[in-house]
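S.K.: Got a structure for you, written out below as structure tokens; questions coming shortly.
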Amino acid sequence: TAKMAASGGSIYTSGQEEYFEQECSLCTKDGRHTEAIKFCVNCSENLCSRCLKEHNRFATMATHQILDRASMKSSVMTVTQAPPTEKCPQHHGRLIDMFCKKHDAVACGACVSLEHRVCDGMTYLPTAATGIKKSSEYKNARANMETTLKKMKEMKQMREKDLKKIEDERDEAFKNIRGYKERMITYLEQMESRTRDDVSEIYKRHKESIETSISSLNDLITSLDTAL
């Protein structure tokens with residue numbers, strides 16, 4: 001594995017990691033080789049003294065985080081590592097890209113300028129995260145997360161069983177209701193049939209009695225009409 005020279009030098013690469021050389025990035029783009037003295041975290045550029053002055057002339061760059069030469073040596077980026085994307089809720093959506101070791105807190109460039117100006121150990125967030133997966137804190141946190149995830153999956157399975165159970169109970173209740181309804185309909189139809197038969201029989205008896213009475217009255221009326 002290739003290593004970076006202590007005094008800067010050209011770029012050395014190892015696998016997917018790329019180490020920044022300590023030459024001014026802006027001068028290099030113009031074909032000049034100038035020693036860098038600072039590193040702008042927000043611009044991700046090494047800066048020589050001349051380019052640093054030009055950089056600081058712009059008001060929009062006044063809050064950029066500038067690292068010194070010692071910090072530049074640790075400013076290593078991995079091409080597979082995603083850049084910071086979380087926005088600061090306090091400073092108009094600026095990227096949260098710095099970590100304060102003193103306060104154990106993340107910050108944007110404006111946070112650094114306003115709240116962490118005198119703090120030692122300000123580090124570029126991706127740099128601070130380098131090697132974190134090998135730390136005991138990360139391993140413990142991961143183990144806790146895996147345990148929590150396992151419990152959540154078990155809880156999910158239990159809740160899914162509960163859901164299936166109440167669905168089955170609902171379906172059984174609907175089935176019983178339909179059965180009760182069908183039995184009630186059958187019973188009412190049978191009652192209707194018997195009641196109709198009873199009413200018809202009563203009607204028939206009364207009809208016969210009334211018709212017999214009418215026939216007798218007709219006979220009497222005919223007899224009296226004849227006598228008169």
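The values are calculated or read from the model by the stated rules, or taken from the named source; none is laboratory data. Given the structure is predicted, the values throughout are model-derived calculations rather than measurements. Here Cβ is always computed from backbone atoms with ideal geometry, including for glycine, and neighbour counts include all displayed protein chains. The protein model used for the area step is the full one, side chains on, heavy atoms only, and it has no ligands, DNA or RNA in it. Shrake-Rupley method; radii C 1.70, N 1.55, O 1.52, S 1.80 Å.
S.K.: Ordering 174, 99, 39 from largest to smallest accessible area (1.4 angstrom probe), what's the sequence?
M.R.: Numbers: 174 105, 99 50, 39 5 Å².
If we order 174, 99, 39 from most to least accessible, we get 174, 99, 39.
S.K.: Taking the alpha-carbon set of region 143-185, what are its Rg and Dmax in Å?
M.R.: 18.6, 63
S.K.: In addition: Compute the distance in nm between two label points, each set 7 Å from the Cα along the Cα-to-Cβ direction, one at residue 225 and one at residue 155.
M.R.: 10.0
S.K.: Could you give the semi-axes, largest first, of the ellipsoid that matches region 104-174, computed as the square roots of 5 times the alpha carbon gyration tensor eigenvalues and rounded to whole Å?
M.R.: Values: eigenvalues 476, 61, 11 Å².
Working through the eigenvalues yields semi-axes of 49, 17, 7 Å.
S.K.: Now for a different question. Near residue 53, which lysines are there with a Cα under 17 Å away, not counting those fewer than 8 places off in the same chain?
M.R.: Of all the lysines, those that pass the test against residue 53 - Cα under 17 Å, at least 8 places apart if same chain - are 38.
S.K.: Calculate, axis by axis, the spread of Cα positions in region 84-130 along the three principal axes, and write the results as whole Å, longest axis first.
M.R.: Extents along the principal axes, in whole Å: 25, 24, 12.
S.K.: Quick check on region 125-228: what does the Kirkwood estimate of hydrodynamic radius come out to from the alpha carbon pairs, in Å? Please list the in-between numbers first.
M.R.: Working: mean 1/r = 0.0432 Å⁻¹.
When all Cα pairs of region 125-228 are included, the Kirkwood radius is 23.1 Å.
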